[in-house]
Amino acid sequence: MNIITKAAFAAALACTGTVAAAQERFITIGTGGQTGVYFVVGQSICRLVNRGTADHNLKCTAPSTGGSIANINAIKAGDMDMGVAQSDWQYHAYNGSSQFEGDAFDKLRAVFSVHGEPFTVVARADAGIENFDDLFGKRVNVGNPGSGQRATMDVVLGAMGKSDGDFALASELKPAEQSAALGDNKVDAIIYTVGHPNGSIQEATSTVDARLVNVTGDAIDTLVNDNPYYAKATIPGGLYKGNDDDVTTFGVKATFVTSSDVPDDVVYTVVSAVFENFDRFKGLHPAFANLTEEEMISGGLSAPLHPGAEKYYKERGWIE
Ligand code: GLU
């Protein structure tokens with residue numbers, strides 16, 4: 001648990017009979033790389049929370065991290081209080097499946113979901129890559145360990161009966177490094193499970209002639225049909241330079257999660273800060289523009305709702 005109370009300080013004040021300074025509590029939100037959207041999710045939530053610190057004494061920080069898996073593990077270890085995680089990894093962490101086999105995190109709690117995240121493949125235009133299958137034999141950045149895209153990539157490869165070994169190179173660069181590597185011709189393609197539009201793919205497509213690639217076929221259809229946390233996804237054309245056509249892939253949702261060890265009033269305060277300032281929140285990133293309260297409190301959530309979030313949603317009449 002990372003909530004540091006200034007209990008000793010307050011207790012000392014109380015002893016002297018001075019009006020106790022309100023206890024300040026610090027919460028940490030795990031995000032992702034600085035060029036992604038999770039970083040903006042965390043920063044935006046903290047910005048809204050910190051506007052009310054004088055009232056609730058909660059102070060929020062949202063450092064850059066390795067992504068979904070790193071965030072879930074940090075919450076589990078008590079190193080972070082909350083974090084952003086892909087809906088597929090929320091599911092697996094809570095249920096003890098896939099990478100979390102034998103290691104279920106039963107205290108994992110859902111707070112809300114955020115934007116959709118298409119599994120996004122970007123290839124150099126000169127690499128001869130038209131569909132996901134064309135990646136085999138090429139140099140591919142499969143993502144940093146701890147990231148959601150790396151873990152989801154492993155699932156996709158497994159579903160196709162393939163592995164990293166089927167690439168000429170499988171590099172593990174972070175999101176903030178991979179666009180430059182594509183531009184420098186160090187890799188032929190990069191992958192990123194991420195909301196659109198975002199700075200990272202913008203950088204990739206503006207530094208080199210690069211194309212978003214379709215991720216389709218029988219293995220993908222089976223993954224989508226068999227698993228509630230995947231859905232077909234379209235990345236609209238026109239978002240990035242040189243990419244005027246829609247691209248078909250599959251995707252997940254970004255979700256906001258915490259642990260049942262985090263006190264109800266903390267989660268309640270964070271959730272209130274977001275939904276009492278919802279228009280402001282939606283204005284903080286283009287990937288948030290179409291969010292609705294209804295979808296955010298249901299879609300992509302597989303762990304139980306945290307009681308602090310549930311309380312707020314009940315008060316608003318959004319759930320029974
Ligand atoms: N989906 C990515 C992950 O789980 C992060 C995307 C982002 O930072 O926006 O690691």
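As an exercise: evaluate Glu117 against (1) within 22 Å of Ser206 (Cα to Cα); (2) open to solvent by 50 Å² or more (accessible area, probe 1.4 Å); (3) touching a Gly at 6+ places or on another chain (Cβ under 6 Å) and give the number of the one condition it does not meet. The single condition Glu117 does not satisfy is (2).
Residues of region 112-142 that are within 22 Å of the chain's Cα centre (by Cα) and among the aromatic types (Phe, Trp, Tyr): Phe112, Phe119.
Restricting the first member to region 144-167 and to residues that are over 14 Å from Ala189 (Cα atoms) and free of Cβ contacts under 8 Å to residues at least 24 places away in the same chain, and the second to residues that are in a helix (DSSP H, G or I) and away from the ligand (no atom under 16 Å from the Cβ), the beta-carbon pairs closer than 6 Å and six or more apart or on different chains are Ser163/Leu157.
Here Lys174 fulfils each of the conditions (1) within 13 Å of the ligand (Cβ to nearest atom); (2) out of contact with any strand residue (DSSP E or B) (no Cβ under 7 Å at 6 or more places or on another chain); (3) under 20 Å from Asp221 (Cα atoms) apart from (3). Among the residues of region 35-76, those that are modelled with pLDDT of 95 or more, within 16 Å of the ligand (Cβ to nearest atom) and in a loop (DSSP other than H, G, I, E, B) comprise Gly36, Val37, Ala62, Pro63, Ser64, Thr65, Gly66, Gly67.
Of the residues making up region 133-182, those that are buried (at least 16 other Cβ atoms within 10 Å of the Cβ) and aromatic (Phe, Trp, Tyr) number 1. Residues in region 128-137 that are assigned to a loop (DSSP other than H, G, I, E, B) and closer than 21 Å to Ser200 by Cα were compared, and the one that is nearest to the ligand (Cβ to nearest atom) is Ile129. With respect to being charged (D, E, K, R) and at pLDDT below 95, Glu24 fits the description. The test for being surrounded by 16 or more Cβ atoms within 10 Å (Cβ to Cβ) and either within 18 Å of the chain's Cα centre (by Cα) or within 14 Å of the ligand (Cβ to nearest atom) (or both) holds for Gly195. Taking region 278-289, which residues are touching a residue at least 40 places away in the same chain (Cβ under 8 Å) and open to solvent by 40 Å² or more (accessible area, probe 1.4 Å)? Of everything in region 278-289, those that are touching a residue at least 40 places away in the same chain (Cβ under 8 Å) and open to solvent by 40 Å² or more (accessible area, probe 1.4 Å) turn out to be Arg280, Leu284, Pro286. For Tyr229, are the conditions met, namely being open to solvent by 20 Å² or more (accessible area, probe 1.4 Å) and either touching a helix residue (DSSP H, G or I) at 6+ places or on another chain (Cβ under 9 Å) or within 30 Å of Tyr312 (Cα to Cα) (or both)? Answer is yes for this residue. Residues that are of a type in the set (Phe, Trp, Tyr), assigned to a helix (DSSP H, G or I) and surrounded by fewer than 24 Cβ atoms within 10 Å (Cβ to Cβ) within region 77-111 comprise Tyr94, Phe100, listed in sequence order.
The values are calculated or read from the model by the stated rules, or taken from the named source; none is laboratory data. Since we're looking at a predicted model, the values are computed, not measured. Please note: Cβ atoms are built from the backbone with ideal geometry, for glycine as well, and neighbour counts cover all protein chains shown. Quick note on the areas: whole protein, heavy atoms, side chains included, nothing else; ligands and nucleic acids left out. Shrake-Rupley method; radii C 1.70, N 1.55, O 1.52, S 1.80 Å.
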